[in-house]
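Undergrad: I'd like to ask some things about the structure below.
Computed from the coordinates by the stated procedures, all read-outs in this text should not be read as laboratory data. Predicted model only: the values in this text are computed from it and were never measured. When we count neighbours, we look across all protein chains shown, and the Cβ atoms used for this are built from the backbone with ideal geometry, even at glycine.
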Amino acid sequence: MTRSKTEWRTPDLGAKLAEIRQTRKLTLKDLEELTGIPASTLSKVQNQQRTLSFENLVKLARGLRIELSDMFSEQAVDIKTGWNEQRAVWGKG
């Protein structure tokens, strides 16, 4: 049995983290202060040398003030503010 290319697509947490850091002009040290996760760990995650535990994923999302699911979503999220337009639309109903 073969799987389609889109069936098991692995989210790139490191790329998303790098994108958010660059957009917000955050250093790894800044992110360490926001999340409590060591800068060395965050660097390894960003370079795809390490993954994060669920607990640290939650800390990361909270520190960045975004939803945890946004770290793994290809959906457009304003990574400067953490604003997700789809959630805003759903919340109005």
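Undergrad: Around Leu34, what is the net charge, scoring Lys/Arg as +1 and Asp/Glu as -1 over all other residues with Cβ under 11 Å from its Cβ?
TA: Neighbour charge sum, excluding Leu34 itself: +3.
Undergrad: For an R0 of 30 angstrom, estimate the FRET efficiency from the Cβ-Cβ distance between Ala39 and Phe72 and round to the nearest 0.05.
TA: Calculated value: 0.85.
Undergrad: Quote the convex hull volume per residue of the stretch 13-75, based on C-alpha atoms, as a whole number of Å³.
TA: Cα convex hull per residue, to the nearest whole number: 74 Å³.
Undergrad: Please compute the net charge surrounding Lys16, taking Lys and Arg as +1 and Asp and Glu as -1 over other residues with Cβ under 13 Å from its Cβ.
TA: Every neighbour counted, the sum reads -3.
Undergrad: If Lys and Arg each add +1 and Asp and Glu each add -1, what is the summed charge of the other residues whose beta carbon sits under 10 Å from the beta carbon of Ser73?
TA: Every neighbour counted, the sum reads -2.
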